Each structure stands twice: as structure tokens, then as C-alpha cells.
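A quick write-up on the structure given underneath.
The values are calculated or read from the model by the stated rules, or taken from the named source; none is laboratory data. Predicted, not measured: the structure shown is a model, and the values here were computed from it. Here the Cβ positions follow ideal geometry from the backbone for every residue, glycine too, while neighbour counts run over all protein chains shown.
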Number of protein chains: 2
Amino acid sequence: MRRDIFQAIADPTRRAILSLLALQAMTPNAIAEHFESSRQAVSKHIQILTECEVVKHQQTGREIYYHFNPEKMKEIDIWLDRFRKLWDDRFDQLDDILKDL
Amino acid sequence: MRRDIFQAIADPTRRAILSLLALQAMTPNAIAEHFESSRQAVSKHIQILTECEVVKHQQTGREIYYHFNPEKMKEIDIWLDRFRKLWDDRFDQLDDILKDL
DNA sequence: TATAAACGCAACTAATTAGTTGCGCAAGTT
DNA sequence: AACTTGCGCAACTAATTAGTTGCGTTTATA
């Protein structure tokens, strides 16, 4: 089962969940209230986000708070870096990219 | 059919194709040579990349050269921006993000 | 003009994903 | 002790995706 950060953010619901969790830690029920989807559907997305470690959890009584983990997002940023040069810079792009690979 | 840039980069083969095309425009056959996959399988990926405009094509005789379009990658970068603050900055992060949304 | 190369497109299959329903368990409440 | 709430987990279905095979068209080559 492929389960990396790129797979995680492919789904719009999961991107929305990440945006929510970036603001504050939340329980599955609280998250689900923001969507049309059922709690279980949301829970499945959370599970995927947890598996690829972009989200961590912390239990408090019977509630489980999910936290956003910015660390994993860096991976996307790092991958983007090679392309960023193509829209940032003017010319000597190719050399830079070739150096990276 | 969901066909956005996030969907496009979810597949590792497509990410590899984008990396190749960022270096130089290539024909489907040339691209396929870099992978285990068949030409048709690669062609399908290219089609998806074309649909979400992260790749453009230009015909020369019987060959079709596919070019990387950095513009579309900006969308990812822009989306990442809100999270970037969480790993770049130290404190006053929440305020910044709340301001964005 | 016959043949080969470079493709796109359509039909099909296999695998994966998103979502639903129903269950069970642990932690609080009455 | 009985009931409710918050949750995970498993089985199932429907939709989507990745990949294959085969065919037709256009451009080049012998």
C-alpha cells in the first residue's frame, strides 16, 4: 500500500483536514462536523494521514486529539525545490537542476 | 473525474516524469525508456499531466515533444505557504494563519 | 509504393481508494 | 449498574486508477 505524503494530499478532503489541524488540534468528531462526510469517512482519512505521519494523536480520556505535524510537509517543499528554480530564476536554471540530480 | 495538480503528483511515476521533463522536453518513447512501464502506460500518465496542464506538447513531424510547465507547480507552492509558516517561524504562527483564512 | 516508426485512442482487467454500515470497547454520566 | 459518548476496526460496495493489448492514423524511410 503506497502511503506517502504525496498520496495523502491528493485528496481534497484530506487537504482540508490538514488545514483545520494546522490551526488547532481536534477530535475526529469535531473534524467531521466541518464536512458532509460521516465520522467514519473522516476517520479513515485521519488514519491515512496518521500512517504517513503528517498527523499525530494524543489521547485525553475518551477523546483523541489529532495534531498537525509540519515536519512531513517539508518533504513536499524539498521536492518542489527543484522546480521552484524554473519559475523563480530567469536563465541558468538547467545547470542548477542538473547539479541537484 | 478529479484532475488537479495534487492528483497529478500523487503517483511516483508521474513525479519522475515531471523531473525528467523539467530537464528537457521529451517524446513519449524517450520518457518510457527511463521506466519499466510500457509506452502506453507512460502515455496515460502524460495524458493526465497534460489534462491538468502541468505539461504542454508540441508536434514536430511524427514526434511529439512534451514540455514541463512550471506555472502549475506554483499552485502547490501557494497551498504549502500556509503550512510553511509552521515550520519556518517560531511563535506567532497561529495569528498569521488565521489571517490567511 | 511497401514498410517501419511514433503516436493517440478505446476496450478491457486488476488493483486501489472512498465511503457506508454495523460492531465492540473504553471512558465518562445519571 | 445502566446508559451515552467518542472512538477504532472490519466487512462490504461503488468508484476510480494503473496498466495491458490491440488497432488506426500520420510521418518518415527503403
Of residues in segment B:68-90 being surrounded by fewer than 14 Cβ atoms within 10 Å (Cβ to Cβ) and outside any loop (DSSP other than H, G, I, E, B), the one nearest to the other protein chains (Cβ to nearest Cβ): B:71
Every residue from segment B:17-45 that is more than 9 Å from DNA strand D (Cβ to nearest atom), of a type in the set (A, V, I, L, M, F, W, C) and away from chain A (no Cβ under 11 Å): B:17, B:25, B:26, B:30, B:31, B:32
Criterion: more than 11 Å from chain B (Cβ to nearest Cβ), touching a His at 6+ places or on another chain (Cβ under 6 Å) and modelled with pLDDT of 80 or more - qualifying residue of A:48, A:64: A:64
Identity of the residue in segment B:38-63, exposed (fewer than 12 other Cβ atoms within 10 Å of the Cβ) and more than 9 Å from DNA strand C (Cβ to nearest atom), that ends up farthest from residue B:16 (Cα to Cα): B:58
Enumeration of residues in segment B:47-93 that are out of contact with any strand residue (DSSP E or B) (no Cβ under 6 Å at 6 or more places or on another chain) and of a type in the set (Val, Ile, Thr): B:48, B:50, B:54, B:60, B:76, B:78
